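*Asks:* Take this structure first; my questions come after.
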Amino acid sequence: MRFLLLYATQRGQAKAIAEEISEKAVTYGFSADLYCISELDKYDLKTETAPLVMVVSTTGNGDPPDTARKFVKAIQDKTLPPDFLAHLRYGLLGLGDSEYTYFCNGGKVIDKRLQELGAQRFYNTGHADDCVGLELVVEPWINGLWAALEKHFLSNRGREDTSETLTMASHASQRTDPLTPELSHVESQVGLLRLDDSGGKAAEVLEQNAVNSSQSSTLIADSEASLTCSVPPLSQASLNIPALPPEYLEVHLEEALGQEESHASVSSVDPVFHVPISKAVQLTTNDAIKTTLLIELDVSKTDFSYQPGDAFNVVCPNSDSEVQFLLQRLQLVDRREHRVAVTIKADTRKKGAALPEHVPERCSLLFLLTWCLEIRAVPKKAFLRALADHTSNGAERRRLQELCSRQGAADYARFIRDAGACLSDLLRAFPSCQPPLGLLLEHLPKLQPRPYSCASSSLFHPGKLHFIFNIVEFLSNTTEVVLRRGVCTGWLATLVESILQPYTCANHADGKKALAPKISISPRTTNYFHLPNDPSVPIIMVGPGAGVAPFIGFLQHREKLQERHPGGRFGATWLFFGCRHKERDYLLRDAKNMAKDVHDALVEIISRETGVEKLEALKTLATLKEEKRYLQDIW
C-alpha cells in the first residue's frame, strides 16, 4: 500500500530519517513516495488520497526549515476553507532541541495548520529532542508507524483494493501487538528476517545475535563499560540489531588530470563571496578562560550587503590532521590527489538511490574529505551497523553491534552521542574496522557552512563586515584524551595567526601588515532580527557572552543615524550583557540555557511590574513575539 512521505530538512537530519522510513516501508509491505517538501510540483495534498507521513525539522528561532517556506506559505493562505484538507490523514514527526525556547516549532506550525484545514491524524505526532538524542523518540515512532498505517488501511478498506488490504491483514496477523503505537522486540525480529528475499541475511542476523560465551568473557575483563568494552547484562544479551543498510554507491579513484577545484562548489547556497580578512583582534586577555576573536572582512569589492542583526555563513574545511588520519587509516594516503568517481551500484536494493548532492563531480579525494564531508558528525546507529560488517575482529564487531542494538541504547547514548564520538574515534577504538570509501559517502553528511552574526553596521564601517566568536576547545575522551578545536573556529584562529592583534591592541585601528588570507562567505538574512524601522522606538537588548555581537552593530547603526539626523527623535537604548570575569573576557558565553533564563526573567518582570499572574505574563510575552516586538536570535 502506498503512502506519501515528505521531509522538511535544514541540515539533512529530517531527510535521513525519511529515507530510513522509506527503506523500512518495503519490509512491512508498504511503498513510500518520498519527496522533499519543497518539490511542490511532485505532489498535491488537495487531491492526495493516500495517507501522508511528514518529518519536519526546526531551524533558527523555532521556524520551519528553509525548504518548507513555500509549503508553509501555501497552507497559511487565509482564503483556504476550513475543510480544504478534510480528506487527508497524516502522521508527523517533528525534530527540535529543547535548549531552545520554541521546541519542535517547525513541525508544530505545520501540524497546527493541517488540523485547521480539516486534516486528521492517523498516528500521534512525535517530538524528537536533539538535546537528549533524537533516536529516543525517532526509533519508537518509526516502529509504531507500521501498525498505525495498517490500522488506517484496514479501517478504510472500502476505498482501497480488497486484495491489497487482505495482504496487509496477513502482515498484521504476524504481529504480537499489531495496533499499539510501539512494536515489540519480536516484531522487529520478524522485520529483520523479512528484509532479504534470499534468506541469507536472515541466517546471518541470527548468527550474529547468538552470543559466544568465550567471546563475551573477554569483553568483561574490566568491570566498567567503555566505548570498546561492555559489561553484563549487555555483554551476555541476545541482540536486536538494525537491518543492514543497503550499500548503493560505487566509488573509483582515478589519477588526477590537473583540474582546478573551487571551494565555492561545496556550498549549496548562492551567491558565495571570496573576501579577504582585513583585521583580526583578540578581545580577551591571555589568561581568560576562553579566547574571543573579532575578525574584519573586506567586502568593499563585492555585492555583499547586510543589515545589523543579519547573519552569514562561513565555508570552512575539516582539520588537516584529522583528514590525514582518515587517509592513513583507510590506506589511501598515496591516492589522496586521485579524482573520485561515484556511481550508483547496479544491483543495489536501496530504493530511490541517488548520488549525494554534496559530492562535487570528479573532485580529488583530499578535497572531498577536507571540504565536503562532515567527518566530525556523530555516527548514527545505521552507520555503526554498517561499520560492524567491515570489522574483522569478532569482539570488536560484537561491540559495534551492541552499540547499534536496542539493548545497547544506553551505551550508545553514553559513549557515542553524549561523548560526541566521530568516525575517527571509532576507527581508533576498533583497529580491525576497515570501511570502504563508498560507505563514508553513504553515511557522512554534508560539511555545513557555519553561521555567524554580523557584529557591525555598514554605516559605521563602510565596506567592512565584523564578526565575533569564541575559539571552541574541548576534550575528546572516547579512547584517548585529545584536545580538539571547533571545526570552523579552530580553522579561523589558525588562519589569522599572522595578522592577529593581541588584546593590548584591541582599540587600535591598524592591523598587522601581512598578506590577508581569504575566506568564502554567503548571506544568511534573518528577515526579522533587525532594529525597528522607527528610530524613536526604545529597545532593550540582552546578549550575554558572544551573543552581544549583533547588538554592537545595532549600537553602531543608531550612533550613525543620530549623527546624520541630530534633530531626530531616538528612543532609549539598553544593553544587558555578561561575562565570567569583567577584566578578562567581556564576551564569553553564559550557561547553555541562557535563552530560556532570559525568557523566564522577562515573564517575572512583566508579572511583577504589571501585577498579573504568571500565566497572564506569558500571554503578554507571546503577544509581544507575535507583534515582532520581542525578537530572538539564538545559536
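The values are calculated or read from the model by the stated rules, or taken from the named source; none is laboratory data. Remember, predicted model here, so these are calculated numbers, not experimental data. A quick note on method: Cβ atoms are made from the backbone with ideal geometry, for glycine too, and the neighbour counts reach across all protein chains shown. Note: accessible area is taken over every heavy atom of the protein model, side chains too, but ligands, DNA and RNA are not part of it. Shrake-Rupley method; radii C 1.70, N 1.55, O 1.52, S 1.80 Å.
*Asks:* State all residues of region 89-117 that are of a type in the set (S, T, Y) and within 28 Å of K151 (Cα to Cα); if no residue qualifies, say none.
*Replies:* Answer for region 89-117, where residues must be of a type in the set (S, T, Y) and within 28 Å of K151 (Cα to Cα): just Y90.
*Asks:* Sticking with this one: How many of the residues in region 296-328 are farther than 24 Å from A516 by Cα and among the hydrophobic types (A, V, I, L, M, F, W, C)?
*Replies:* Selection size over region 296-328: 4.
*Asks:* Within region 39-58, count every residue that is small (G, A, S) and more than 17 Å from L93 (Cα to Cα).
*Replies:* Residues in region 39-58 being small (G, A, S) and more than 17 Å from L93 (Cα to Cα): 1 in total.
*Asks:* Name the residues in region 377-391 that are modelled with pLDDT of 95 or more and part of a loop (DSSP other than H, G, I, E, B), would you?
*Replies:* Hits for region 377-391 are D389, H390.
*Asks:* Mind checking whether some residue in region 330-337 is of a type in the set (A, V, I, L, M, F, W, C) and part of a loop (DSSP other than H, G, I, E, B)?
*Replies:* Yes - at least one qualifying residue is present in region 330-337.
*Asks:* Could you tell me which residue of region 447-467 is nearest to E357 (Cα to Cα), considering only residues that are open to solvent by less than 30 Å² (accessible area, probe 1.4 Å) and among the hydroxyl-bearing types (S, T, Y)?
*Replies:* Filtering first and then ranking leaves Y452.
*Asks:* Counting only residues that are closer than 15 Å to S321 by Cβ, modelled with pLDDT of 90 or more and in a loop (DSSP other than H, G, I, E, B), how many does region 449-497 have?
*Replies:* Within region 449-497, residues that are closer than 15 Å to S321 by Cβ, modelled with pLDDT of 90 or more and in a loop (DSSP other than H, G, I, E, B) number 1.
One line per residue, one yes/no per condition, for (1) surrounded by 21 or more Cβ atoms within 10 Å (Cβ to Cβ); (2) under 25 Å from L618 (Cβ atoms):
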site: D44; (1), (2): no, no
site: G62; (1), (2): no, yes
site: K70; (1), (2): no, no
site: A74; (1), (2): no, no
site: D77; (1), (2): no, no
site: L85; (1), (2): yes, no
site: G96; (1), (2): yes, yes
site: V109; (1), (2): yes, yes
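*Asks:* Within region 130-156, track down each residue that is outside any loop (DSSP other than H, G, I, E, B), within 19 Å of G12 (Cβ to Cβ) and open to solvent by 20 Å² or more (accessible area, probe 1.4 Å).
*Replies:* Scanning region 130-156 gives E135, V137, E139.
*Asks:* State which residue pairs qualify: first residue open to solvent by 50 Å² or more (accessible area, probe 1.4 Å) and inside region 530-556, second residue part of a helix (DSSP H, G or I) in any location, beta carbons under 6 Å apart, and separation of 6 or more residues or different chains.
*Replies:* V542/V598
*Asks:* Can you name every residue in region 345-366 that is aliphatic (A, V, I, L, M) and surrounded by 13 or more Cβ atoms within 10 Å (Cβ to Cβ)?
*Replies:* Of everything in region 345-366, those that are aliphatic (A, V, I, L, M) and surrounded by 13 or more Cβ atoms within 10 Å (Cβ to Cβ) turn out to be A353, L355, V359, L365, L366.
*Asks:* Output the residue which, of all residues in region 284-307 that are open to solvent by less than 10 Å² (accessible area, probe 1.4 Å) and in contact with a helix residue (DSSP H, G or I) (Cβ under 9 Å, 6 or more places away or on another chain), is nearest to L483 (Cα to Cα).
*Replies:* Out of the qualifying residues, it is T292.
*Asks:* Looking at (1) hydrophobic (A, V, I, L, M, F, W, C); (2) open to solvent by 20 Å² or more (accessible area, probe 1.4 Å); (3) touching a strand residue (DSSP E or B) at 6+ places or on another chain (Cβ under 9 Å), which one does F3 not meet, given that it meets all the others?
*Replies:* (2)
*Asks:* Would you mind stating whether P233 is open to solvent by 70 Å² or more (accessible area, probe 1.4 Å), out of contact with any Ser or Thr (no Cβ under 8 Å at 6 or more places or on another chain) and either modelled with pLDDT of 90 or more or over 30 Å from A346 (Cβ atoms) (or both)?
*Replies:* yes
*Asks:* Can I ask one more? Please find, among G394, G420, the residue that is surrounded by fewer than 17 Cβ atoms within 10 Å (Cβ to Cβ) and at positive phi.
*Replies:* Answer to the check: G420.
*Asks:* State the number of residues belonging to region 401-419 that are closer than 15 Å to F383 by Cβ and out of contact with any helix residue (DSSP H, G or I) (no Cβ under 9 Å at 6 or more places or on another chain).
*Replies:* Adding up the residues that qualify gives 0.
*Asks:* State whether the residues of region 367-376 include one that is among the acidic types (D, E), out of contact with any His (no Cβ under 8 Å at 6 or more places or on another chain) and surrounded by fewer than 17 Cβ atoms within 10 Å (Cβ to Cβ).
*Replies:* No, region 367-376 has no match at all.
*Asks:* Right, another one. Evaluate region 17-39: report whether one residue or more is charged (D, E, K, R), open to solvent by less than 40 Å² (accessible area, probe 1.4 Å) and part of a loop (DSSP other than H, G, I, E, B).
*Replies:* No, region 17-39 contains no residue that is charged (D, E, K, R), open to solvent by less than 40 Å² (accessible area, probe 1.4 Å) and part of a loop (DSSP other than H, G, I, E, B).
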